[in-house]
Amino acid sequence: MSRRPLAQINTSALLHNVDRIREMAPHSKILAVLKANAYGHGLLAVAAQLKDVQAFGVARIDEALMLRAGGIVKPIVLLEGFFHADELPQIVASNLQVVVHHPAQVDALLKAELESPVHVWLKVDSGMHRLGIDPADFSEIYRKLTLSKNILQPMRLMTHFACADEPDNLATVRQLALFRQTIGDAAGELSIANSAGVVGWPQSHGDWIRPGLALYGVSPMDKGRSATHGLRPVMTFSSSVIAVRQVRKGDAVGYGASWTAPQDTRLAVVAIGYGDGYPRNAPCGTPVLINGKRYPIVGRVSMDMTTVDIGDDDICHGAQVILWGEELPVEEIAEQVQTIPYELLCNITSRVQFRYVSD
């Protein structure tokens, strides 16, 4: 029996989520966001399943080139654009599309000698204040790019929400209003909504939506759960029990002796740790699932092992332990650890075995 932790990826759940997203935004095309190894789910394997979306979004050119090398011919958008002008020939050769968000990129595009024009998504900073051109500069930049032989026309126009995961936060309303005011009657398809925009702000759907987290069956809303939106978790992260130990009342367990048994009990030692991507700061009481029942982590998570208080229950050596999945939402574990589901999914390391299954 392999003791390697397992990330089981349910492709049926993935396709279900695409259908559910399409139901929420029936008039929008889907740019599926695959950055960060498809949020930890496997870049090429996920891309190969998503035959019915219109385009893929990645952060950087190396991710795009991996997709092309893997036989993916669908349109690919570089969400951070290009970093240097010398990347433009490769972008043209690989038929990639670019987000333009900074005047330096504009200058590079206008000056370049390209074999064929580039498809541009012009990004406006409507309030995120991370990437995007200043609204005051939009008209002039749009005019220059429209006149350039290096740019396919019409461009697409986009922005990004900062607080869409908070349904009552009026910042999203203000961003949407500023974006629409800025672009005016400029020609081009619009892309505004990320996963939270898709779920919580239907007025933002536009021509293109950019789902990321929702694709993988995780709620993009603050303190949300996937089932609320009809989404199915795609990943089940699990490992196995490699030892069962008896401890007495007063025995300290793990590094730093941070937990002491309040009574005689039994511990299951699980082959999972921060070397596999499970969070080291998971506090005592963080649940795992064994045989359909929740048990609390006790003591500190170490590099390769974690201990779980199983009391008097009959847990066998080799029993499967679910760290998160359909019956134990990753959103709940993230709340325990005081982080976000994105971080947990993206932190899974190369020591973990991946298996792709369908219903």
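The values are calculated or read from the model by the stated rules, or taken from the named source; none is laboratory data. Small disclaimer: the values here were computed from a predicted structure and weren't measured. Note that each Cβ is placed from the backbone with ideal geometry, even for glycine, and that neighbours are counted across all protein chains shown. Each accessible area value is taken on the protein alone, full model and side chains, heavy atoms only, with ligands, DNA and RNA left out. Shrake-Rupley method; radii C 1.70, N 1.55, O 1.52, S 1.80 Å.
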For Ile209: the one exception among (1) modelled with pLDDT of 95 or more; (2) surrounded by fewer than 18 Cβ atoms within 10 Å (Cβ to Cβ): (2)
Condition met for Lys223 (modelled with pLDDT under 95 and either of a type outside the set (Ser, Thr, Tyr) or not in a loop (DSSP other than H, G, I, E, B) (or both)): yes
Meets criteria (open to solvent by 10 Å² or more (accessible area, probe 1.4 Å), within 13 Å of the chain's Cα centre (by Cα) and free of Cβ contacts under 8 Å to residues at least 40 places away in the same chain) for Ile348: no
Asp359 vs. criteria part of a loop (DSSP other than H, G, I, E, B), open to solvent by 10 Å² or more (accessible area, probe 1.4 Å) and free of Cβ contacts under 8 Å to residues at least 12 places away in the same chain: no
First in segment 233-245 and farther than 25 Å from Pro341 by Cβ and free of Cβ contacts under 8 Å to residues at least 60 places away in the same chain, second anywhere and in a loop (DSSP other than H, G, I, E, B) and open to solvent by 10 Å² or more (accessible area, probe 1.4 Å), Cβ under 8 Å, 6 or more apart: none
Count - residues of segment 314-328 that are touching a residue at least 40 places away in the same chain (Cβ under 8 Å) and part of a loop (DSSP other than H, G, I, E, B): 6
Qualifying positions in segment 307-333 - open to solvent by 20 Å² or more (accessible area, probe 1.4 Å), closer than 21 Å to Arg280 by Cβ and either within 27 Å of the chain's Cα centre (by Cα) or hydrophobic (A, V, I, L, M, F, W, C) (or both): Ile322, Pro329, Glu332
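Residue-by-condition table, conditions (1) charged (D, E, K, R); (2) over 19 Å from Ile21 (Cβ atoms); (3) open to solvent by 50 Å² or more (accessible area, probe 1.4 Å):
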position	(1), (2), (3)
Glu115	yes, yes, yes
Gly127	no, yes, no
Asn150	no, yes, no
Gln153	no, yes, yes
Met158	no, no, no
Asn194	no, no, no
Residues of segment 248-286 that turn out to be under 21 Å from Asp313 (Cα atoms) and touching a residue at least 60 places away in the same chain (Cβ under 8 Å), as a count: 2
Subset of segment 296-305 [without any contact (Cβ under 8 Å) to a residue 40 or more places away in the chain, out of contact with any Asp or Glu (no Cβ under 6 Å at 6 or more places or on another chain) and within 20 Å of Gln263 (Cβ to Cβ)]: Ile297
Positions within segment 166-189 being over 22 Å from Pro103 (Cβ atoms) and open to solvent by less than 50 Å² (accessible area, probe 1.4 Å), in sequence order: Asn169, Ala171, Thr172, Leu176
Hits in segment 1-49 - residues which are more than 22 Å from Ala227 (Cβ to Cβ), within 16 Å of the chain's Cα centre (by Cα) and either among the hydrophobic types (A, V, I, L, M, F, W, C) or open to solvent by 20 Å² or more (accessible area, probe 1.4 Å) (or both): Leu31, Leu34, Lys35, Ala36, Asn37, Leu43, Leu44, Ala45, Ala47
Of the criteria (1) outside any loop (DSSP other than H, G, I, E, B); (2) touching a residue at least 60 places away in the same chain (Cβ under 8 Å); (3) within 19 Å of Asn169 (Cβ to Cβ), which one Leu215 fails: (3)
